[in-house]
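Here's the structure, in structure tokens; my notes come after.
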Amino acid sequence: MIKLGLIGYPVSHSLSPKIHNAALMACGLRGDYSLFPIHPDDMQGLRDMLNYVLTEEIHGLNVTIPHKHTVIPLLDELTPIARTIGAVNTIYSREKKLIGDNTDVPGFLSDLKRFSSLECDDLLVNMEAQALQKSALILGAGGGARAVVYALLNDGWQIAISTRRREQAGELADTFKNHDLHILDSGLTNMDLSNISLVVNTTPVGMAPNIGQSPWPEGFPLPARSSIYDLVYSPRETKLVRDARAQGLYATTGLGMLIEQAALAFKIWTGQYLPREALYETLDQFAH
């Protein structure tokens, strides 16, 4: 019996149980994937959940906001990616040691390229014609932002960061101090964003139930030649995505990234490869 789960707060919106329970069934494996809400201040609850992994009462955990960083001191080892970005989204046990990994990085980059190739062919041609740089604006500086920045830097992008928490942005910049990350100090409405070709929202703003919110300033147009990637996937069309499409821009939520990172984590836990198409079909009726 394989027991898997997600720790974070809140987690009631998560589609991960739909993904992983469908995956277990597709692979003919007996098991279940559960949600484990752990308040940000409940460090003992966090330790207890990790102990269940160590004793193999639970075979693997995903980690989401706000524990992607706070869980690190409680782990024995980190994979190189997780160590570099300082964020963990997947936990498992090997030889009586707790290992922290991050499948958000390859999951995001894989889905970004899928999004670009399937939906933005004409945009990419336009970018080449106008010699637009691979220049990304990242909204937020938390664990999700760290994964996105790592992925984009390794794919040759120039990156600017916008966040309301200056200290957090500084910590992110320090993580990648060998790279030139531009931190926006003056706010989005005071900056020239005409060269931005990709905007990525890594904040939880706009997530259900607060579906009327957007991380982008109200009434301020998005960069005219950009595509929009919102890591929020519930609701299926966030306000940011809806506003971007109304402006004539290509936009997507993080549902594809969710599936990609989940498939990679499932492979770590079970050794089984999952066909992504089946997972999209499974989630289609839920992600609205």
Members of the range 82-98 that are in contact (Cβ under 8 Å) with a residue 24 or more places away in the chain and of a type in the set (A, V, I, L, M, F, W, C): 85, 87, 88, 91, 98
So residue 43, is it surrounded by fewer than 16 Cβ atoms within 10 Å (Cβ to Cβ) and in contact with a Gly (Cβ under 9 Å, 6 or more places away or on another chain): no
Test result for residue 39, modelled with pLDDT under 95 and not charged (D, E, K, R): no
Number of positions in the range 194-243 that are among the hydrophobic types (A, V, I, L, M, F, W, C) and not in a loop (DSSP other than H, G, I, E, B): 6
Positions within the range 95-107 being closer than 13 Å to residue 50 by Cα and either in contact with an Asp or Glu (Cβ under 8 Å, 6 or more places away or on another chain) or buried (at least 19 other Cβ atoms within 10 Å of the Cβ) (or both), in sequence order: 97, 98, 99, 100
So residue 28, is it among the small types (Gly, Ala, Ser), surrounded by fewer than 18 Cβ atoms within 10 Å (Cβ to Cβ) and in the same structural domain as residue 277 (by TED's automatic domain parsing): yes
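The values are calculated or read from the model by the stated rules, or taken from the named source; none is laboratory data. Treat the numbers as computed from the prediction; the structure is a model and nothing was measured. Quick reminder, even Gly has a Cβ in these numbers, built from the backbone with ideal geometry, and neighbours come from all protein chains shown.
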